[in-house]
Amino acid sequence: MMRRAVDNAWRAAVIALLALTLAFLIGPLIVAIMMSFDARGFLAPFPPTALSLRWYGTFFADKSFVAGLKMSLALAVAATLISGAVGTAAALALTQYEFRGKAFLSGLFLSPLMIPAVVIGLALLIFVSRWGIFNGFSRLLCAHVIVTLPFTIRSSLAGLAGIRRSMVDAALSLGANDRQAFFDITFPLAKTGIIAGCVFAFAFSLDDVAVSLFLYDTNSVTLPIALVSHMRANFDLSVAAAATFLAFITVLLIVVLDRTVGLNRVIGQGVYR
Amino acid sequence: MTTQVLELRNVSKRFGEHLALDDVSFSVAAGGIISLLGPSGCGKTTTLRTIAGFETPDSGQVLIAGQGMVRKRPYERNVGLLFQDYALFPHMTVAQNVAYGLRYRGVNRADAEKRTADMLGLVKLTDYGARRPSQLSGGEQQRVALARALAIDPKLVLLDEPLSALDAKLRQKLRTELKEILTRVGATTIIVTHDQEEAFGIAERVIVMNGGRIVQEGSPTDIYLKPNSRFVADFVGRSNLLEGCIQRNGPAPAAFTVAGGLRLTVPAQGKDRDAAVACIRPERIVVSEEGAPRPPCENVLPGIVTDCAPLAADVHLVVTLQSGQRMAVVEKNLGQPMRAVGARVVLCFNANDCVIVAD
């Protein structure tokens, strides 16, 4: 009896903790989304008394926001493409070949996850200045590729892990050359993992502030940086509208992916069985 | 003009310090089914991978239909492979799997479809073309993999432990089927396995490997009845191995003295040997109760039953001899009363039931 009571208490505690975590994750998001539709022209207490799209109007009327949004999207697309390609190649090398320093290299590829963004930003600032890279977009692209690589590599590794060497060998013995075997077998099977990594990379690049703060210039202000400086000057609900819009882009991306390759596979196990 | 489909000449391969293949030579005639049999790590899988083109030998030659293959890539060899895990492509249907090898052979669509249907018919999976491999049972997957390997009309078919992933009942059934299919298409086949049932049940010639070398080559019956070494006698089937020396030789049966004072009459040997092993198969020994009438034979050894296990069709006995050795004996289970542990019995066998191999 005693043991069962302890068990029930334990289960209740776990459920309570889960509920609390969910509340903290989703609660602020709901508040931000609802406030972005507030019809009042000033920062007023929650909940909104009437709904309107006025803050979205303010957001899209602001030239610095629109420029920032364009810059952020361009940067995220470019960074995701490069990071996806490099990450897939790196994951392929790590799974298919045996070489000295393999463990070191795989640790190195994943290290940006563990190093504080501020350190990466500062280090990159010194590095790009030395190398004479003064174009803001190039500097940001460099940084975003580096910080998103762990996502694309890890996810590609997970995608490739489900592919047994014998499947590729089978394709070769049936007459496919290495390139044909890659595009017939390896790539289709690892595709979901690779795409999942790209989604993470895109989302990460889209809302990065810490690293970008060190590297942007006046011609390459990203949306998150524009939002931060706007908030410092005058805090209004156009920031909530911007945040909601960013979340909307991410959700839209996931829905499109769901229609094309299957959400479960991308976000779920990633490994093809 | 050679009729050998496959020929290996003095093939050696080293992985770091480990000599995986040590001067391996053998050949397979057209339509032949041979088996490479040996424990894990004996080099049989390396041999298979070398033939298929996934490993390059350090020295020696691999000839397929008389052509040197050492520098050829796997896709230039026309060798059909059945992998141990079947290696079916999970994102393709059964029909797409079977047709895959035809993609890169310039076969037109109609011919490819016909060939695929023929192959699925051959393995009795005609209606399974639209399914995914994950929807099939292990035995069905194996047959799809076989159909895929045969679809390219390979010069040589390599089977890697084809039945090891299946349960015992199914294994027996599929072994017969596999043999029928291979015989029907007349495929020259090499079966790599550690399981002697798989080797003996399908192959007409068996090559036993150990430590990267070929230790014996012959028909399944020869390998079983005339092992040429202690390793083969021990690895293939069950046997009682008694170490000792040959004391007298000549045309008459020789005397074999086992440590502990036991003397056996064994077949005539060419020369005296200090260290030899007498190998006696458990089913060649006749057991009778002490004092009961027994068949006349050259070796009569009294002992005590220490274990009696009725394993379905056979009864496995362990008899401890007066000289201390433990002998395994197999009797048919014909409904006779089981022998009691502790019962005094006499073991009888003839000189010809013993095989002498070097220690």
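The values are calculated or read from the model by the stated rules, or taken from the named source; none is laboratory data. Please read all numbers here as calculations on a predicted model, not as lab measurements. We place every Cβ from the backbone using ideal geometry, glycine too, and count neighbours over all the protein chains shown.
So the values come out like this:
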item	result
Strands (runs of 3 or more DSSP E) contained in region B:294-353 and holding at least 3 residues in contact (Cβ under 8 Å) with a residue 40 or more places away in the chain	B:299-311, B:326-332, B:344-349
Matching residues in region B:236-255 - criterion: being at negative phi and either modelled with pLDDT under 85 or among the aliphatic types (A, V, I, L, M) (or both)	B:236, B:241, B:242, B:246, B:247, B:248, B:249, B:251, B:252, B:253, B:254, B:255
Cβ pairs under 6 Å, 6+ apart, first in region B:129-142 and farther than 12 Å from residue B:97 by Cα, second outside any loop (DSSP other than H, G, I, E, B)	B:139/B:170; B:139/B:174
Filter pass, residue B:100 being in contact (Cβ under 8 Å) with a residue 40 or more places away in the chain and assigned to a helix (DSSP H, G or I)	yes
Listing of helices (runs of 4 or more DSSP H) fully contained in region A:85-195 that carry 2 or more residues being more than 14 Å from chain B (Cβ to nearest Cβ)	A:102-110, A:117-130, A:136-161
Helices (runs of 4 or more DSSP H) within region B:138-204 that include 3 or more residues out of contact with any Gly (no Cβ under 7 Å at 6 or more places or on another chain) and among the charged types (D, E, K, R)	B:168-185
Which numbered condition residue A:238 misses (of (1) in contact (Cβ under 8 Å) with a residue 24 or more places away in the chain; (2) closer than 14 Å to residue A:144 by Cα)	(2)
Qualifying residue in region A:22-33 (condition: aromatic (Phe, Trp, Tyr), within 30 Å of residue A:139 (Cβ to Cβ) and part of a helix (DSSP H, G or I))	no
Criterion: farther than 30 Å from residue A:157 by Cβ and under 20 Å from the mean Cα position of the chain (by Cα) - qualifying residue of A:53, A:29, A:25, A:73	A:29
Residue A:202 being in a helix (DSSP H, G or I), under 21 Å from the mean Cα position of the chain (by Cα) and of a type outside the set (Gly, Ala, Ser)	yes
All positions within region B:117-135 that are within 14 Å of chain A (Cβ to nearest Cβ) and farther than 17 Å from residue B:182 by Cα	B:132, B:133, B:134, B:135
Whichever residue in region B:97-106 is surrounded by fewer than 18 Cβ atoms within 10 Å (Cβ to Cβ) and over 10 Å from residue A:184 (Cβ atoms) and, among such residues, is farthest from the other protein chains (Cβ to nearest Cβ)	B:106
Residues being over 22 Å from the mean Cα position of the chain (by Cα), within 14 Å of another protein chain (Cβ to nearest Cβ) and more than 18 Å from residue B:105 (Cβ to Cβ) - total across region B:58-86	1
Of residues in region B:13-46 being of a type in the set (Ser, Thr, Tyr), within 15 Å of residue B:214 (Cβ to Cβ) and out of contact with any Phe, Trp or Tyr (no Cβ under 9 Å at 6 or more places or on another chain), the one farthest from the other protein chains (Cβ to nearest Cβ)	B:25
Residue check, residue B:176 under 21 Å from residue B:222 (Cβ atoms) and of a type in the set (Ser, Thr, Tyr)	no
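Residues are listed down the side, and each one gets a yes or a no for (1) over 22 Å from residue B:121 (Cβ atoms); (2) touching a residue at least 40 places away in the same chain (Cβ under 8 Å):
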site: B:59; (1), (2): yes, yes
site: B:62; (1), (2): yes, yes
site: B:68; (1), (2): yes, no
site: B:81; (1), (2): no, yes
site: B:89; (1), (2): no, yes
site: B:96; (1), (2): no, no
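Residue by residue, here is whether (1) more than 30 Å from residue B:201 (Cα to Cα); (2) basic (Lys, Arg); (3) out of contact with any Leu (no Cβ under 7 Å at 6 or more places or on another chain) holds:
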{"residue": "B:239", "(1), (2), (3)": "no, no, yes"}
{"residue": "B:256", "(1), (2), (3)": "yes, no, no"}
{"residue": "B:271", "(1), (2), (3)": "yes, yes, yes"}
{"residue": "B:283", "(1), (2), (3)": "no, no, yes"}
{"residue": "B:291", "(1), (2), (3)": "yes, no, yes"}
{"residue": "B:295", "(1), (2), (3)": "yes, no, yes"}
{"residue": "B:304", "(1), (2), (3)": "yes, no, yes"}
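Rundown of residues vs (1) more than 13 Å from the chain's Cα centre (by Cα); (2) under 24 Å from residue B:50 (Cβ atoms); (3) crowded, with 18+ Cβ neighbours inside 10 Å, yes/no style:
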position	(1), (2), (3)
B:179	yes, no, no
B:182	yes, yes, yes
B:198	no, yes, yes
B:204	no, yes, no
B:208	no, yes, yes
B:212	yes, yes, yes
B:217	no, yes, no
B:223	no, yes, yes
B:263	yes, no, no
